[in-house]
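Down below is the structure, laid out as C-alpha cells.
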Amino acid sequence: MDTRLQKRVQRYGWDKAATHYERSWKAQLDPAQTALLDMAELAPGQRVLDVACGTGLVALRAASLVAPGGEVAGTDISEEMVAIARETTRALEIDNVVFERMDAEELAFGDDTFTTVLCALGLMYLPDPERAIAEMHRVLRPDGLAVCAVWGERAKCGWSEIFPIVDARVRSEVCPLFFHLGTGEVLRHAFQVAGFGAITVRRLETWLHYDNAEEACGAAFIGGPVALACSRFSEQTMAEAQAEYLASLAPYRQGEGYDVPGEFVVVAGIK
Ligand SMILES: C[S@@+](CC[C@H](N)C(=O)[O-])C[C@H]1O[C@@H](n2cnc3c(N)ncnc32)[C@H](O)[C@@H]1O
C-alpha cells in the first residue's frame, strides 16, 4: 500500500473508531501505558510530547505527573481522537495539556523542545516508524528521554488473525508492519539507528478479557485500526469475517467470554 493511502486509512479509520476506543481498549492497554509512564519517570516541571496520543489516556496522566510547572502536548493524526481528548481535558479542567492534529512522521515542533517524548501503541500504524523515531529524537532536548510501547511478537498476540481476515476482504494490507517492531530487537535497533543511547527494553505478557463474542468483535472490528475497511463491508461480509475471527479466538474461550493472550514491548532511550 502506498504511504499516503496507509495514512488516510489510519486517519479516517481512527476517526470512525474514536467514540468506541476507550470502551474497547482503555482497560486492555492500561498495563502497557502504565509501564511506559513508569519508565518515563516524569517529574514536575517537565515538558512532554505524547505522539499518536489518541483520546489522551497517556497525555492526561502525564499532565498530572508534571504539574506543577510542567506541560504536555498530545498529537494524533485523527481529528476525532484529538476532539475527544480536548473534550475530556475541558471536562476535567486540566490546564497544562494541549492537543493538536499532527502526523507522527512530521512533527511541527522545533529541535530540542521537550524533556520527554512518549508514544503508546502508535508506531505500529505508521508507514515509516523509523522516521517518527528520528522526529522524536530531533524534538527532544539533549539528555531527553523517549519511551515507546508497541504490541509484541505476533505469535504471542492471540487476536492477530484480525489483520489477514480483514485484509483478505479488502485486497490490501491495513497495517502491513503491525507486528514488525515488537519482534526480537527491532525496536531497540530502531532507537539505536535514530541516535538514542542507554536503551532499555521491557516485555510484558498480558491478557485481553472479553465478556462475550460481541465485545471481542467490537474491539477488533469497530474500536480499532481496521474500522474504516470494515465500515465498507456488507452485512454478510461482516458476519463472515466476525465468524472467522471468533473461530481464531476459539482456543481462548472461557464459557461465554474470552481470555486472549497478548504481549507488549516498551523501549526507552536517551538523546
Ligand atoms: C491504539 S491508538 C493509541 C492511542 C494512545 N496513544 C493510547 O495509548 O491510548 C493508535 C493511535 O495512533 C494514531 N495514529 C495512527 N497513525 C498516525 C500517524 N501517522 N501520526 C500520528 N498518529 C497516528 C491513531 O489515530 C490512534 O489514535
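Taking the inverse of the mean reciprocal distance over all distinct Cα pairs, the Kirkwood hydrodynamic radius of the chain comes to 18.8 Å. Per-residue Cβ neighbour counts within 10 Å put Trp14, Trp159, Trp25 in the sequence Trp25, Trp159, Trp14, beginning with the fewest.
For Tyr210, Tyr252, the sequence from fewest to most other C-beta atoms within 10 Å is Tyr252, Tyr210. The dipole here belongs to the stretch 217-267: it is taken about the Cα centre, uses +1 on the Cβ of Lys and Arg and -1 on the Cβ of Asp and Glu, and is about 120 debye.
Projected over every direction and averaged, the convex hull enclosing the alpha-carbon atoms of the stretch 140-207 yields 5.9 nm². Relative to the dominant Cα principal axis of the chain, helix 235-249 is inclined by about 80°.
Per-residue Cβ neighbour counts within 10 Å put Ile133, Ile165 in the sequence Ile165, Ile133, beginning with the fewest. Other residues within the sphere of radius under 15 Å centred on the Cβ of Asp50, judged by their own Cβ, net out at -1 (K and R +1, D and E -1).
Report the local net charge at Thr34: Lys and Arg +1, Asp and Glu -1, summed over other residues whose C-beta lies under 15 Å from its C-beta.
-1
Here the sum of -39500 (n - 2.57) over DSSP H runs of 4 or more residues, divided by the residues of the chain, equals -13500 deg cm²/dmol at 222 nm, to the nearest 500. Taking the Cα centre of the stretch 133-235 as reference, the dipole from Cβ charges on Lys and Arg (+1) and Asp and Glu (-1) amounts to some 420 debye.
Every read-out reported here was derived from the displayed coordinates using simple, explicitly stated rules and does not represent laboratory data. The structure presented is a predicted model; accordingly, all values stated were derived computationally and were not measured. For neighbour counting, all protein chains shown are included, and Cβ atoms are generated from backbone atoms with ideal geometry for every residue, glycine included.
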